[in-house]
Amino acid sequence: MAEGDTAHLRETVTRLQVEIDALRRELAALTDAVAALRGRYTATCSQCGTAYDLLAHHYSVGLFDNVVYVKCPKCQKAVPIEGRQGEDIRLVTEK
């Protein structure tokens, strides 16, 4: 292999390593962002202690107003949630 070919291969490998490092940083940032979003919509059941995703375990119930409840996937306890468009969703605390 000629010296020019070797130098070209080294430059290519170096460039690809830089690109891979940039992609790894971007992936880490995206992973952190997804974890933060998941944390916003995670609740813990006050009855059995199970953690679950509010958006994945909901159903609607309403008599006069539309009230949304989340149902614990383990013990089936229904708890109302509150939140408006553009806000975090949270459990309505029991008093």
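The values are calculated or read from the model by the stated rules, or taken from the named source; none is laboratory data. The structure displayed is predicted, hence computed values, not measured ones. Glycine also receives a Cβ, built like all others from the backbone with ideal geometry; neighbour counts cover every protein chain displayed. These area figures cover heavy atoms from the full protein model, side chains too; ligands, DNA and RNA do not enter into them. Shrake-Rupley method; radii C 1.70, N 1.55, O 1.52, S 1.80 Å.
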- Roll a 1.4 Å probe over the protein heavy atoms and report the accessible area of Asp5 in Å², nearest 10. 80
- Message: Between Lys71 and Ser46, what is 0.36 nm times their sequence separation minus the Cα-Cα distance? Round to one decimal in nm.
- Response: 7.8 nm
- Item | Heavy-atom SASA rank of Val13, Val68 (probe 1.4 Å, accessible area, largest first) | Val13, Val68
- Item | Extension gain, Leu9 back to Ala22 (0.36 nm per residue minus Cα-Cα distance, nm) | 2.7 nm
- What figure in square angstrom, to the nearest 10, would you give for the accessible area of Thr31 with a 1.4 Å probe? 80
- Per the 1/(1 + (r/R0)^6) rule, R0 = 22 Å and r from the Cβ atoms of Ala29 and Ala56, FRET efficiency to 0.05 is 0.35
